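Structure, as structure tokens:
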Amino acid sequence: MLAAYYERRGSSDVLDVGEIPTPGPGVGEVRVRLQVAAVNPTDWKSRSHTAPMDFERQVPGQDGAGVIEAVGPGVDIARIGERVWVYHAALQRPFGTAAQFTVVPSHQAVRIPDGVPVDQAAALGIPYLTAYGCLFADGPIEGQTILVHGGAGAVGHAAVQLARRAGAHVISTVSSEAKGVIAADAGAHVVIDYTADGAADAIRSAARAGVDRIIEVDLTRNLDVDLAVLVGGGAIVTYAADAADPVIPVRGLMTRNARLSFVLVYGFAPALLADGVAEVSSALAAGDLVPLPIVRFALTETAAAHDAVQSRTPAKVLIDIP
């Protein structure tokens, strides 16, 4: 099969594209003929990490979509031909989604509802499951006020949609008018430009009783504002690691009985992950999810696709699989 891969960690120039053996599905697994792969920050971060390689050759990519074309023992043969989106394809596995084929456990290949474009399905995994965990790890959020920082980013965009669908009042911050349109189209009730003067006052005005839960993408930058608007007993949930660890204001958090949580989708308990997949699937089938703007790359341009995500291209980066 044709695949992008690397045999040593480093910058994007370690990525090659060429023919490698096609994997076969083992017990409980399916092989998916991929059509589109999505690129996430975790892809370039894993590739550039200084830790030793887990495998001699790594195909990057956690998310993608395509058609099941083979199943292993224990999987219903009726799944062959099913359109699916996949997640965690490269999690402790050598065959990610930047390839013509990937092999994953059957439950990590999720049926795509009829009528849903393959591009939208390919981009669901990491962003939407992360957003689900950030929002619902402590229980229902109906009636709560949720502040989503970065509502035009992949996880923030997903969080706005899932929170709105769950019956929350959703406030989102963005850094430009164009990003504000994206967050508003996703369902944010109030959109605030955090680069403008008085952003904290605008959040207070939009959430007069305070914010119950904050979905945080930049804890170091936003922590003072978060504490200023958070209700007593509220939660700040962060899913992105800063370049340097932030200084944690213990007393400020303690006096509010606030909770500060850190989320990494790869460590979700199986039950939380399954609940997230079920909710994302239901929302997708109901037509409650809208995709981000897209930037496309060919499989031969996988290195450029990684670079685009690393440079924070304001769109979802997809790779077309030939």
Exercise. Given the Cα-Cα distance of R259 and A244 and 0.36 nm per residue of separation, how much length would full extension add, in nm?
Worked result: 3.3 nm
Exercise. Gaussian network model of the chain, Cα springs within a sub-10 Å range: biggest mean-square fluctuation belongs to which of L292, L223, L147?
Worked result: L223
For this session: Filter the chymotrypsin sites (Phe, Trp or Tyr not before Pro) in the stretch 1-84 to those in DSSP coil with at most 13 other Cβ atoms within 10 Å of their Cβ, and list the result.
Result: F55
Seminar exercise, completed: Measuring from the longest principal axis of the C-alpha atoms of the chain, the long axis of helix 219-229 (C-alpha) lies at a number of degrees, nearest 10, equal to 40
Problem set entry | Cleavage-rule hits (chymotrypsin sites (Phe, Trp or Tyr not before Pro)) in the stretch 125-229: DSSP loop, at most 12 neighbouring Cβ within 10 angstrom | none
Seminar exercise, completed: the stretch 127-266: Kirkwood hydrodynamic radius (Cα pairs, Å) comes out at 14.6
For this session: Could you grab the Rg to Rh ratio for the stretch 192-247? Cα atoms only, Kirkwood for Rh.
Result: 0.96
Problem set entry | Ranking of H189, H88 by count of other Cβ atoms within 10 Å, fewest first | H189, H88
Problem set entry | With Cα atoms, 0 to 90° folded angle of helix 154-165 axis to the chain main axis | 70
For this session: Determine the sum of side-chain charges near C134: Lys and Arg each +1, Asp and Glu each -1, restricted to other residues whose C-beta is under 15 angstrom from that of C134.
Result: -3
Exercise. Taking only Cα atoms, what is the 0 to 90° angle, nearest 10, from helix 270-285's long axis to the longest principal axis of the chain?
Worked result: 90
For this session: Taking the Cβ of each residue in D242, D13, D212 as the centre, tally the other Cβ atoms inside 10 Å and list the residues starting with the fewest.
Result: D13, D242, D212
Problem set entry | Cα-based convex hull volume of the chain per residue, rounded to whole Å³ | 129
For this session: May I ask you to list the trypsin sites (Lys or Arg not before Pro) in the stretch 117-211 that are in a DSSP loop and have at most 13 other Cβ atoms within 10 Å of their Cβ?
Result: R208
Exercise. Can you give the longest stretch of the chain with no exposed loop site, where a site means GluC sites (Glu not before Pro) in a DSSP loop (not H, G, I, E or B) with at most 15 other C-beta atoms within 10 Å?
Worked result: 143-322
Exercise. Taking the Cα centre of the chain as the origin, how large is its charge dipole in debye, to the nearest 20, when only Lys and Arg (+1) and Asp and Glu (-1) carry charge on their Cβ atoms?
Worked result: 340
Exercise. Among A228, A303, A183, whose mean-square fluctuation peaks in a Gaussian network model of the chain (Cα, cutoff 10 Å)?
Worked result: A228
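Bear in mind that the values in this text are calculations on the coordinates, not laboratory data. As the structure is a computational prediction, the values presented were derived from the model and not from experiment. Here Cβ is always computed from backbone atoms with ideal geometry, including for glycine, and neighbour counts include all displayed protein chains.
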